[in-house]
Amino acid sequence: MNHDNWRPVWTRCNKLEDIVWITKDVLAWCSGVFIVFFSIDHREYRFHWCWNHDTGEGARCLSTHKSLSVFAFAEKVVQPRILVFCYPTMTKISECAGGCASGYLATAFTPGDHLISIGSYPMFVMTVWNWRTGEKIIGVNTFIRDEVGQILRITQIGPTVVGQLGKTCGRLYTWELDVVGKVAVVKGKAGFCFSLLHYRSILNHPFDMEILLMEQSVTFGKATEFFRSEIE
């Protein structure tokens, strides 16, 4: 992709933290009952309507895989599913069902075959899925009770560390995830509270949080929770 001829342009979209890169030149965001794909090179919009059981009933919590043209989103209904699609063919890869009945606050991909979701009230369950098959691997209750919204960031190299940040409370909690064969292990580490300045920095530079997790995940405190699940 040639950047020499790039210049600033305006487009109406969504909140900055809700916009994701689908490919190197395509941005995407959720808007009610459809997902908007915006091609930077061609300045063209494409829409994926989410208005029935096959395409999804509403869209929120959009996330993308870092190295594959794969994206996921949660439905905006009771007993929602998380649907995983391939871009640009829009082929449905899997459905992640049976998670949080009240809805989801965030989703994020690991570098491999797993998708992480944070459910809403009352237990704010973090669920680990196999996004290729839709299989639910493990679910654990989390400690950030922020129903307004939460941010997930996952390290892309080294051990898989998941950062969970509450948008209003500013509290950060980290989780170490290991899935080996039929055994899944999730370890939680106590975090700390971000100031408004830190929070804005993460929104403007999302990779700052990833770097922070890589550098300080071992210093956040003693492990407070340990979960182990054998995958059936």
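Read-outs: derived from the displayed coordinates by stated rules, not from any lab. Quick caveat: nothing in here was measured; it's all calculated off a predicted structure. We place every Cβ from the backbone using ideal geometry, glycine too, and count neighbours over all the protein chains shown.
Neighbours of Thr23 by Cβ distance under 13 Å: Lys/Arg scored +1, Asp/Glu scored -1, total +1. Applying 1/(1 + (r/R0)^6) with R0 = 30 Å to the Cβ-Cβ distance of Phe47 and Thr133 gives a FRET efficiency near 0.60. Label zone (Asp178, point 7 Å along Cα-to-C-beta; backbone nitrogen cut-off 18 Å) within segment 112-129: 112-114, 128.
Going by a ≥ b ≥ c, the root eigenvalues of the Cα gyration tensor, does segment 116-175 fall in the rounded group (a/c under 1.5), the prolate group (a/b larger than b/c) or the oblate group? Write down the numbers at each step before the final one.
Details: a/c = 2.25, a/b = 1.30, b/c = 1.74.
Cα axes put segment 116-175 in the oblate bin.
Arrange Tyr87, Tyr173, Tyr45 by Cβ neighbour counts within 10 Å, fewest through most, would you?
Numbers: Tyr87 20, Tyr173 23, Tyr45 10.
Ranking Tyr87, Tyr173, Tyr45 by Cβ neighbours within 10 Å, fewest first, gives Tyr45, Tyr87, Tyr173.
Averaged over residues, the count of other Cβ atoms within 10 Å places the peptides 131-138, 117-124, 15-22 in the sequence 117-124, 131-138, 15-22, highest first.
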